[in-house]
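S.K.: Have a look at the structure that comes next, please.
The values are calculated or read from the model by the stated rules, or taken from the named source; none is laboratory data. Remember, predicted model here, so these are calculated numbers, not experimental data. Note that each Cβ is placed from the backbone with ideal geometry, even for glycine, and that neighbours are counted across all protein chains shown. Accessible surface areas use protein heavy atoms only, side chains included; no ligands, DNA or RNA. Shrake-Rupley method; radii C 1.70, N 1.55, O 1.52, S 1.80 Å.
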Amino acid sequence: MQVLRKLLFPISLSYGFIVFLRNRLYDLGIFSSKSFATKTICVGNLSVGGTGKTPMIELLVRELSGKYKVAILSRGYKRKSNGFLLSNEQTSVEDLGDEPFQLKSKFPDITVAVDADRRNGVTQLRQKIKPDVILLDDAFQHRKVKPGLSILLTSYDNLYVNDWYLPTGNLRDSKREASRANVIIVTKCPVNLTSSEKDKIRASMNPKSHQKVLFSYLSYNKELKGTALSLDALKGKKVTLVTGIANPVPLEKFLRLEGISFEHLKYKDHHFFTDQEIEFLKSKDCILTTEKDYVRLKSKIIGLHYIEVKHEFFDNNDERLKNELAEFMITTS
(Lines give C-alpha, C1' and ligand atoms only; values in the text may rest on other atoms or scores of the structure.)
Protein backbone atom coordinates (compact mmCIF):
# COMPACT_ATOMS: atom_id res chain seq x y z
CA MET A 1 0.00 0.00 0.00
CA GLN A 2 2.83 2.41 0.84
CA VAL A 3 4.47 1.71 -2.53
CA LEU A 4 1.17 2.36 -4.31
CA ARG A 5 0.68 5.64 -2.46
CA LYS A 6 4.14 6.77 -3.55
CA LEU A 7 3.39 5.82 -7.15
CA LEU A 8 0.29 8.04 -6.96
CA PHE A 9 2.41 11.09 -6.09
CA PRO A 10 1.55 12.89 -9.39
CA ILE A 11 -2.13 12.63 -8.51
CA SER A 12 -1.41 14.13 -5.09
CA LEU A 13 0.21 17.13 -6.81
CA SER A 14 -2.96 17.68 -8.86
CA TYR A 15 -5.07 17.29 -5.74
CA GLY A 16 -2.90 19.77 -3.87
CA PHE A 17 -3.24 22.32 -6.66
CA ILE A 18 -7.03 21.99 -6.61
CA VAL A 19 -7.04 22.47 -2.83
CA PHE A 20 -4.77 25.51 -3.14
CA LEU A 21 -6.95 27.04 -5.87
CA ARG A 22 -10.16 26.49 -3.90
CA ASN A 23 -8.75 28.09 -0.77
CA ARG A 24 -7.34 30.99 -2.78
CA LEU A 25 -10.76 31.68 -4.28
CA TYR A 26 -12.21 31.83 -0.76
CA ASP A 27 -9.37 34.08 0.42
CA LEU A 28 -10.01 36.48 -2.48
CA GLY A 29 -13.76 36.53 -1.82
CA ILE A 30 -14.62 34.96 -5.19
CA PHE A 31 -16.10 32.08 -3.20
CA SER A 32 -17.99 33.47 -0.22
CA SER A 33 -17.73 32.48 3.45
CA LYS A 34 -20.77 33.49 5.46
CA SER A 35 -20.65 34.55 9.10
CA PHE A 36 -23.71 34.18 11.32
CA ALA A 37 -24.94 36.16 14.29
CA THR A 38 -25.34 32.88 16.18
CA LYS A 39 -22.06 31.79 17.73
CA THR A 40 -20.41 28.92 15.85
CA ILE A 41 -17.51 26.73 16.95
CA CYS A 42 -15.81 24.53 14.38
CA VAL A 43 -14.00 21.30 15.30
CA GLY A 44 -12.04 19.62 12.54
CA ASN A 45 -8.74 18.52 11.09
CA LEU A 46 -6.68 18.78 7.91
CA SER A 47 -6.33 15.05 7.31
CA VAL A 48 -8.46 11.98 6.84
CA GLY A 49 -8.42 9.56 9.73
CA GLY A 50 -9.23 9.77 13.39
CA THR A 51 -8.00 12.69 15.46
CA GLY A 52 -10.66 12.49 18.19
CA LYS A 53 -13.27 14.91 16.84
CA THR A 54 -16.28 13.24 18.46
CA PRO A 55 -14.75 13.13 21.98
CA MET A 56 -13.83 16.80 21.50
CA ILE A 57 -17.43 17.67 20.58
CA GLU A 58 -18.52 15.79 23.71
CA LEU A 59 -16.10 17.84 25.80
CA LEU A 60 -17.50 21.08 24.36
CA VAL A 61 -21.07 19.96 25.02
CA ARG A 62 -20.25 19.22 28.66
CA GLU A 63 -18.57 22.58 29.07
CA LEU A 64 -21.23 24.70 27.36
CA SER A 65 -24.60 22.98 27.78
CA GLY A 66 -25.10 23.99 31.40
CA LYS A 67 -24.88 27.66 30.46
CA TYR A 68 -26.08 27.86 26.87
CA LYS A 69 -28.52 26.29 24.44
CA VAL A 70 -26.25 24.09 22.33
CA ALA A 71 -26.86 22.51 18.93
CA ILE A 72 -24.57 20.17 16.99
CA LEU A 73 -24.39 20.20 13.19
CA SER A 74 -22.65 17.36 11.38
CA ARG A 75 -22.49 16.11 7.82
CA GLY A 76 -23.72 12.68 8.89
CA TYR A 77 -21.16 10.74 6.89
CA LYS A 78 -22.56 7.56 5.23
CA ARG A 79 -26.07 8.22 6.50
CA LYS A 80 -28.97 6.90 4.45
CA SER A 81 -30.91 10.16 4.38
CA ASN A 82 -30.49 13.35 2.39
CA GLY A 83 -30.59 17.09 3.00
CA PHE A 84 -31.18 18.72 6.37
CA LEU A 85 -32.40 16.38 9.10
CA LEU A 86 -33.20 17.31 12.68
CA SER A 87 -32.96 14.36 15.06
CA ASN A 88 -35.85 13.21 17.23
CA GLU A 89 -36.74 10.13 19.30
CA GLN A 90 -37.57 8.14 16.16
CA THR A 91 -34.40 9.01 14.24
CA SER A 92 -32.22 5.97 13.58
CA VAL A 93 -28.46 5.57 13.24
CA GLU A 94 -28.99 5.00 9.52
CA ASP A 95 -30.78 8.37 9.29
CA LEU A 96 -28.14 10.38 11.16
CA GLY A 97 -24.90 8.48 10.68
CA ASP A 98 -23.00 6.82 13.51
CA GLU A 99 -21.21 9.76 15.12
CA PRO A 100 -24.22 12.16 15.24
CA PHE A 101 -26.36 9.28 16.55
CA GLN A 102 -23.77 8.58 19.23
CA LEU A 103 -23.87 12.23 20.29
CA LYS A 104 -27.66 12.29 20.35
CA SER A 105 -27.75 9.06 22.39
CA LYS A 106 -25.30 10.43 24.93
CA PHE A 107 -26.87 13.91 25.13
CA PRO A 108 -30.60 13.42 24.44
CA ASP A 109 -31.44 16.99 25.48
CA ILE A 110 -29.04 18.48 22.93
CA THR A 111 -30.21 19.28 19.40
CA VAL A 112 -28.32 17.24 16.79
CA ALA A 113 -28.80 17.91 13.08
CA VAL A 114 -27.11 16.75 9.89
CA ASP A 115 -26.65 18.49 6.57
CA ALA A 116 -23.85 18.24 4.01
CA ASP A 117 -24.52 21.93 3.23
CA ARG A 118 -23.26 23.50 6.45
CA ARG A 119 -24.53 26.96 5.51
CA ASN A 120 -28.06 25.64 5.00
CA GLY A 121 -27.76 23.58 8.19
CA VAL A 122 -26.84 26.62 10.29
CA THR A 123 -29.68 28.61 8.71
CA GLN A 124 -32.19 25.85 9.46
CA LEU A 125 -31.04 25.51 13.08
CA ARG A 126 -31.27 29.26 13.62
CA GLN A 127 -34.83 29.28 12.29
CA LYS A 128 -36.09 26.11 14.00
CA ILE A 129 -34.12 25.91 17.26
CA LYS A 130 -32.58 29.35 17.89
CA PRO A 131 -29.53 27.97 19.75
CA ASP A 132 -26.99 30.14 21.56
CA VAL A 133 -24.12 28.23 19.97
CA ILE A 134 -23.75 25.71 17.15
CA LEU A 135 -20.94 23.16 17.21
CA LEU A 136 -19.79 22.39 13.67
CA ASP A 137 -18.51 18.82 13.67
CA ASP A 138 -15.73 18.00 11.17
CA ALA A 139 -16.17 21.30 9.34
CA PHE A 140 -12.72 22.90 9.21
CA GLN A 141 -12.42 22.40 5.44
CA HIS A 142 -16.03 23.50 4.74
CA ARG A 143 -15.44 27.18 4.19
CA LYS A 144 -18.97 28.21 3.18
CA VAL A 145 -19.47 28.98 6.87
CA LYS A 146 -16.97 31.22 8.63
CA PRO A 147 -16.98 30.06 12.28
CA GLY A 148 -16.47 32.37 15.19
CA LEU A 149 -14.00 29.97 16.81
CA SER A 150 -12.01 27.18 15.13
CA ILE A 151 -10.43 24.22 16.93
CA LEU A 152 -8.02 22.21 14.79
CA LEU A 153 -7.07 18.68 15.87
CA THR A 154 -3.97 16.82 14.75
CA SER A 155 -2.88 13.38 15.92
CA TYR A 156 0.50 13.03 17.63
CA ASP A 157 1.47 10.07 15.44
CA ASN A 158 0.52 11.86 12.20
CA LEU A 159 1.02 15.59 12.65
CA TYR A 160 -0.27 17.66 9.75
CA VAL A 161 3.10 19.43 9.48
CA ASN A 162 4.72 16.11 8.54
CA ASP A 163 1.98 14.95 6.17
CA TRP A 164 1.29 15.26 2.43
CA TYR A 165 -1.77 15.46 0.18
CA LEU A 166 -3.97 12.51 -0.68
CA PRO A 167 -3.51 9.88 -2.00
CA THR A 168 0.23 9.81 -1.20
CA GLY A 169 -0.39 11.20 2.28
CA ASN A 170 -3.50 11.83 4.37
CA LEU A 171 -3.98 15.59 3.97
CA ARG A 172 -7.31 16.66 2.53
CA ASP A 173 -6.52 20.34 3.02
CA SER A 174 -3.42 22.54 2.91
CA LYS A 175 -1.10 22.84 5.90
CA ARG A 176 -1.28 26.61 5.43
CA GLU A 177 -4.95 26.54 6.41
CA ALA A 178 -3.91 25.78 9.99
CA SER A 179 -3.45 29.55 10.30
CA ARG A 180 -7.26 29.87 10.42
CA ALA A 181 -7.44 27.97 13.71
CA ASN A 182 -7.74 29.73 17.04
CA VAL A 183 -6.73 26.60 18.96
CA ILE A 184 -4.60 23.69 17.74
CA ILE A 185 -4.81 20.53 19.83
CA VAL A 186 -2.29 17.72 19.43
CA THR A 187 -4.35 14.65 20.33
CA LYS A 188 -3.56 11.02 21.15
CA CYS A 189 -0.22 11.89 22.72
CA PRO A 190 1.61 9.30 24.83
CA VAL A 191 0.90 9.89 28.51
CA ASN A 192 4.62 10.31 29.20
CA LEU A 193 5.10 13.08 26.62
CA THR A 194 7.93 15.33 27.82
CA SER A 195 8.08 19.11 27.86
CA SER A 196 10.93 19.10 25.35
CA GLU A 197 8.84 17.01 22.94
CA LYS A 198 5.96 19.45 23.28
CA ASP A 199 8.30 22.36 22.59
CA LYS A 200 9.64 20.60 19.51
CA ILE A 201 6.15 19.94 18.14
CA ARG A 202 5.04 23.49 18.89
CA ALA A 203 8.10 24.88 17.09
CA SER A 204 7.43 22.69 14.04
CA MET A 205 3.96 24.20 13.78
CA ASN A 206 5.22 27.76 14.04
CA PRO A 207 1.88 28.99 15.42
CA LYS A 208 0.64 32.54 14.93
CA SER A 209 0.69 34.89 17.89
CA HIS A 210 -3.06 34.47 18.43
CA GLN A 211 -2.99 30.66 18.35
CA LYS A 212 -2.90 28.35 21.35
CA VAL A 213 -1.24 24.93 20.93
CA LEU A 214 -2.53 22.40 23.48
CA PHE A 215 -1.71 18.74 24.10
CA SER A 216 -4.05 15.90 25.05
CA TYR A 217 -4.12 12.14 25.41
CA LEU A 218 -6.93 9.61 25.28
CA SER A 219 -8.36 8.33 28.54
CA TYR A 220 -10.36 5.09 28.46
CA ASN A 221 -13.05 4.34 31.03
CA LYS A 222 -12.31 1.01 32.73
CA GLU A 223 -15.96 0.65 33.69
CA LEU A 224 -17.46 -0.84 30.55
CA LYS A 225 -20.78 0.32 29.16
CA GLY A 226 -23.54 -1.74 27.59
CA THR A 227 -23.10 -4.25 30.41
CA ALA A 228 -22.19 -3.57 34.03
CA LEU A 229 -18.67 -5.00 34.02
CA SER A 230 -15.23 -3.63 34.70
CA LEU A 231 -12.44 -4.07 32.18
CA ASP A 232 -10.68 -6.41 34.61
CA ALA A 233 -13.61 -8.84 34.30
CA LEU A 234 -12.55 -9.52 30.71
CA LYS A 235 -9.15 -10.87 31.72
CA GLY A 236 -8.90 -14.55 30.88
CA LYS A 237 -11.89 -14.44 28.55
CA LYS A 238 -11.91 -15.00 24.80
CA VAL A 239 -12.38 -11.36 23.83
CA THR A 240 -13.11 -10.19 20.30
CA LEU A 241 -12.39 -6.51 19.72
CA VAL A 242 -14.60 -5.15 16.93
CA THR A 243 -13.73 -1.73 15.48
CA GLY A 244 -14.95 0.31 12.55
CA ILE A 245 -12.95 3.45 13.29
CA ALA A 246 -10.17 5.25 11.45
CA ASN A 247 -7.38 4.54 13.94
CA PRO A 248 -7.84 1.74 16.49
CA VAL A 249 -4.13 1.59 17.42
CA PRO A 250 -4.41 3.65 20.66
CA LEU A 251 -7.22 1.36 21.87
CA GLU A 252 -5.19 -1.73 21.02
CA LYS A 253 -2.22 -0.40 22.99
CA PHE A 254 -4.39 0.47 25.98
CA LEU A 255 -5.99 -2.98 26.14
CA ARG A 256 -2.62 -4.74 25.93
CA LEU A 257 -1.24 -2.56 28.73
CA GLU A 258 -4.28 -3.54 30.80
CA GLY A 259 -3.51 -7.22 30.24
CA ILE A 260 -6.48 -7.96 27.98
CA SER A 261 -5.89 -10.63 25.34
CA PHE A 262 -8.04 -10.29 22.25
CA GLU A 263 -8.52 -11.02 18.61
CA HIS A 264 -9.17 -7.90 16.57
CA LEU A 265 -11.74 -7.73 13.78
CA LYS A 266 -11.04 -4.48 11.94
CA TYR A 267 -13.56 -2.87 9.64
CA LYS A 268 -13.43 0.37 7.70
CA ASP A 269 -14.37 3.64 9.39
CA HIS A 270 -18.16 4.17 9.61
CA HIS A 271 -18.76 0.55 8.53
CA PHE A 272 -22.38 -0.59 8.48
CA PHE A 273 -22.42 -4.31 9.27
CA THR A 274 -24.08 -6.76 6.89
CA ASP A 275 -26.43 -9.51 8.06
CA GLN A 276 -23.72 -12.08 7.35
CA GLU A 277 -21.21 -10.15 9.45
CA ILE A 278 -23.73 -9.84 12.29
CA GLU A 279 -24.30 -13.59 12.31
CA PHE A 280 -20.55 -14.16 12.42
CA LEU A 281 -20.16 -11.75 15.35
CA LYS A 282 -22.98 -13.48 17.24
CA SER A 283 -20.82 -16.62 17.31
CA LYS A 284 -18.18 -14.85 19.41
CA ASP A 285 -18.04 -15.41 23.17
CA CYS A 286 -17.32 -11.83 24.29
CA ILE A 287 -17.37 -8.74 22.08
CA LEU A 288 -15.74 -5.48 23.10
CA THR A 289 -16.25 -2.52 20.80
CA THR A 290 -16.06 1.26 20.60
CA GLU A 291 -18.92 3.58 21.42
CA LYS A 292 -19.28 4.57 17.76
CA ASP A 293 -19.52 0.92 16.70
CA TYR A 294 -21.88 0.14 19.59
CA VAL A 295 -24.58 2.44 18.24
CA ARG A 296 -24.54 0.47 14.98
CA LEU A 297 -24.55 -2.95 16.66
CA LYS A 298 -26.59 -2.65 19.85
CA SER A 299 -29.95 -3.47 18.26
CA LYS A 300 -28.50 -6.56 16.55
CA ILE A 301 -26.23 -8.24 19.08
CA ILE A 302 -27.02 -8.95 22.75
CA GLY A 303 -24.42 -8.54 25.48
CA LEU A 304 -22.08 -6.07 23.81
CA HIS A 305 -19.45 -4.31 25.89
CA TYR A 306 -18.16 -0.92 24.80
CA ILE A 307 -15.47 1.33 26.16
CA GLU A 308 -15.84 5.09 26.50
CA VAL A 309 -13.01 7.44 25.61
CA LYS A 310 -12.35 11.10 26.35
CA HIS A 311 -9.62 13.68 26.02
CA GLU A 312 -7.41 14.45 29.01
CA PHE A 313 -5.01 17.38 28.87
CA PHE A 314 -1.44 18.01 29.96
CA ASP A 315 -0.32 20.96 32.08
CA ASN A 316 -3.80 22.37 32.80
CA ASN A 317 -4.35 22.79 29.06
CA ASP A 318 -8.03 22.02 29.69
CA GLU A 319 -8.29 25.26 31.67
CA ARG A 320 -6.74 27.18 28.80
CA LEU A 321 -9.35 25.69 26.47
CA LYS A 322 -12.17 26.49 28.88
CA ASN A 323 -10.94 30.08 29.18
CA GLU A 324 -10.85 30.38 25.40
CA LEU A 325 -14.45 29.13 25.18
CA ALA A 326 -15.63 31.42 27.99
CA GLU A 327 -14.01 34.47 26.39
CA PHE A 328 -15.50 33.61 23.02
CA MET A 329 -19.01 33.16 24.39
CA ILE A 330 -18.87 36.39 26.39
CA THR A 331 -17.20 38.73 23.91
CA THR A 332 -18.66 37.47 20.62
CA SER A 333 -22.19 38.35 19.61
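S.K.: Given a Förster distance of 22 Å, report the FRET efficiency between residue 48 and residue 146 from their Cβ-Cβ distance, rounded to the nearest 0.05.
M.R.: The value I calculate is 0.45.
S.K.: Then there is this: At a probe radius of 1.4 Å, what is the per-residue accessible area of residue 296, in Å² to the nearest 10?
M.R.: The accessible area of residue 296 comes to roughly 10 Å².
S.K.: How much of the DSSP beta bridge set in the stretch 49-177 is antiparallel, as a percent to the nearest 5?
M.R.: Within the stretch 49-177, antiparallel bridges account for around 20 percent of the total.
S.K.: Give me the percent of DSSP beta bridges within the chain that run antiparallel, rounded to the nearest 5.
M.R.: Restricted to the chain, the bridges split so that about 20 percent are antiparallel.
S.K.: Of all DSSP beta bridges located in the stretch 211-298, what percent are antiparallel, nearest 5?
M.R.: Here the antiparallel bridges make up roughly 10 percent for the stretch 211-298.
S.K.: Got a sec? What order do 174, 35 fall in by accessible area at 1.4 Å, biggest, i.e. largest, first?
M.R.: From most exposed to least exposed: 35, 174.
S.K.: Ranked by accessible surface with a 1.4 Å probe, highest first, in what order do 68, 77 come?
M.R.: Sorted by accessible area, descending: 77, 68.
S.K.: In addition: Residue 17 to residue 132: FRET efficiency via 1/(1 + (r/R0)^6), r the Cβ-Cβ distance, R0 35 Å, to the nearest 0.05?
M.R.: The computed FRET efficiency comes out at 0.30.
S.K.: Give the shape of the stretch 123-186 as rounded, prolate or oblate, defined through the alpha-carbon gyration tensor: a ≥ b ≥ c are the square roots of its eigenvalues, a/c under 1.5 means rounded, and otherwise the shape is prolate if a/b is larger than b/c and oblate if not.
M.R.: Judged from the Cα gyration tensor, the stretch 123-186 comes out prolate (a/c at least 1.5, a/b above b/c).
S.K.: How high is the FRET efficiency between residue 4 and residue 327 when r is their beta carbon distance and R₀ equals 41 Å, given to the nearest 0.05?
M.R.: 0.30
S.K.: If you don't mind, another one. Can you give me the Cα centroid spacing of the stretch 1-74 and the stretch 276-330 in angstrom?
M.R.: 21
S.K.: Any of 198/268; 34/106; 175/198 with alpha carbons more than 28 Å apart? Name them for me.
M.R.: 198/268; 34/106
S.K.: What are the chymotrypsin sites (Phe, Trp or Tyr not before Pro) within the stretch 5-49 that DSSP puts in a loop, where the Cβ has at most 16 other Cβ atoms within 10 Å?
M.R.: 31, 36
S.K.: Any aspartates and glutamates with Cα under 14 Å of the residue 208 Cα? List them, leaving off those in the same chain fewer than 8 positions away.
M.R.: Result set, ordered by chain and number: 177.
S.K.: Okay, next question. Alpha carbon centre of the stretch 80-135 versus the stretch 199-218: separation in Å?
M.R.: Cα centres, the stretch 80-135 to the stretch 199-218: 32 Å.
S.K.: Shifting gears a bit: Identify all aspartates and glutamates with a Cα-Cα distance to residue 67 below 19 Å; exclude those on the same chain that are fewer than 8 residues away in sequence.
M.R.: Partners within reach: 58, 109, 132, 318, 319, 324, 327.
S.K.: If you take the square roots of the eigenvalues of the alpha-carbon gyration tensor of the chain and sort them as a ≥ b ≥ c, do you get rounded (a/c under 1.5), prolate (a/b over b/c) or oblate?
M.R.: The shape class here is rounded.
S.K.: Based on DSSP H runs of at least 4 residues, each adding -39500 (n - 2.57), what is the mean residue ellipticity at 222 nm of the chain after dividing by all its residues, to the nearest 500 deg cm²/dmol?
M.R.: That calculation yields -10000 deg cm²/dmol at 222 nm.
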